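Here the structure comes first, spelled out in structure tokens, and everything after it is commentary.
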């Protein structure tokens, strides 16, 4: 996973690495330049490299027909429906190519929580991926799937739970729950939290149908590698019901702080690699189980605290 980010803040810590933006965005012809940050974690199949890349970056964005983003030892480019990502990290070098799937076009939405506070997102829920990873002097070819998003946030960053799963048959599932309350100060979420947003989407590749759920509950088990258990129901769609258990097997943590003196202005951003352990979906008398969707893998985000 790789993140390129910019926040108009001179001093901000990420896992004790000082990041920040010390000048305004500059335009030079077709180029846009600013100081931001690059962060990436890498699970190599055995262990998690949590701080694969965590560094201040001089970021340059340019182009119209072909867009490129360059930042120190990493880069991103788009040409038509193809994307390319290059990362030169501490322990490995990755070069990925991603192609859009016609069944998963880009989606852009605005989400406001409190009047004008919220975020705008452009996302592509599923892309095909191929490329190479060079590690310990060996180059490995890989194939899989990928997810892309671009987000603009207005206002404080508050706790959230988010996840995305890609199933073997081409289907995908995503959920997003924003919270206020106990989650601002404690390690685990509470049933007493105010849920500012609850949403789960399940795209069935076989029927080419998107199923939307607003009645969503999530439970995280305890332990270093917790499970995330979700239940969702849509009474308006004839009683559609979905249950899924996501079991984590590795994790990464980014601790973001605006000040070392004020612990309340700290965001703990947990990422979990997950396998689908159990799945069921019922709609209009039809039922799907985990074997029907070909298994699944994904990523779960679980954050606490707040960053103003």
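The values are calculated or read from the model by the stated rules, or taken from the named source; none is laboratory data. Since the model is a prediction, treat every value here as computed from it, not as a measurement. Here the Cβ is made from the backbone with ideal geometry for all residues, glycine too, and neighbour counts use every protein chain on show.
Residue by residue, here is whether (1) part of a strand (DSSP E or B); (2) farther than 21 Å from residue 204 by Cβ; (3) in contact (Cβ under 8 Å) with a residue 12 or more places away in the chain holds:
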residue: 90; (1), (2), (3): no, yes, yes
residue: 99; (1), (2), (3): yes, yes, yes
residue: 128; (1), (2), (3): yes, no, yes
residue: 134; (1), (2), (3): yes, yes, yes
residue: 145; (1), (2), (3): yes, no, yes
residue: 150; (1), (2), (3): yes, yes, yes
residue: 165; (1), (2), (3): yes, no, yes
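Out of (1) in the same structural domain as residue 279 (by TED's automatic domain parsing); (2) exposed (fewer than 13 other Cβ atoms within 10 Å of the Cβ), the odd one out for residue 168 is which?
Tallying (1) in the same structural domain as residue 279 (by TED's automatic domain parsing); (2) exposed (fewer than 13 other Cβ atoms within 10 Å of the Cβ), residue 168 fails exactly one: (2).
Checking residue 82 against (1) within 19 Å of residue 149 (Cβ to Cβ); (2) surrounded by 15 or more Cβ atoms within 10 Å (Cβ to Cβ): exactly one of these is not met. Which one?
Going through the list (1) within 19 Å of residue 149 (Cβ to Cβ); (2) surrounded by 15 or more Cβ atoms within 10 Å (Cβ to Cβ), residue 82 breaks only (2).
Table: residues versus (1) over 21 Å from residue 197 (Cβ atoms); (2) free of Cβ contacts under 8 Å to residues at least 12 places away in the same chain; (3) part of a strand (DSSP E or B).
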{"position": "105", "(1), (2), (3)": "yes, no, no"}
{"position": "109", "(1), (2), (3)": "no, no, yes"}
{"position": "119", "(1), (2), (3)": "no, no, yes"}
{"position": "122", "(1), (2), (3)": "no, no, yes"}
{"position": "142", "(1), (2), (3)": "yes, no, yes"}
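So how many residues does the stretch 274-298 have that are crowded, with 19+ Cβ neighbours inside 10 Å and part of a strand (DSSP E or B)?
Here the count works out to 8.
Residues 157, 153: which one is modelled with pLDDT under 95, within 24 Å of residue 272 (Cα to Cα), surrounded by fewer than 16 Cβ atoms within 10 Å (Cβ to Cβ) and out of contact with any helix residue (DSSP H, G or I) (no Cβ under 8 Å at 6 or more places or on another chain)?
Testing whether each residue is modelled with pLDDT under 95, within 24 Å of residue 272 (Cα to Cα), surrounded by fewer than 16 Cβ atoms within 10 Å (Cβ to Cβ) and out of contact with any helix residue (DSSP H, G or I) (no Cβ under 8 Å at 6 or more places or on another chain) leaves just 153.
Condition check ((1) closer than 29 Å to residue 49 by Cβ; (2) at pLDDT below 95) across all residues:
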residue: 247; (1), (2): yes, no
residue: 257; (1), (2): yes, yes
residue: 260; (1), (2): yes, yes
residue: 267; (1), (2): yes, yes
residue: 270; (1), (2): yes, yes
residue: 293; (1), (2): no, no
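When residue 198 is evaluated against the numbered criteria (1) closer than 21 Å to residue 296 by Cα; (2) at pLDDT below 95; (3) surrounded by 14 or more Cβ atoms within 10 Å (Cβ to Cβ), which criterion, by number, is the only one it fails?
(1)
Residues that are under 29 Å from residue 298 (Cα atoms) and touching a residue at least 12 places away in the same chain (Cβ under 8 Å): list the strands (runs of 3 or more DSSP E) wholly contained in the stretch 1-82 that include at least 2 such residues.
Those strands (runs of 3 or more DSSP E) span 2-5, 12-14, 17-19, 31-43, 48-62, 66-71, 74-79.
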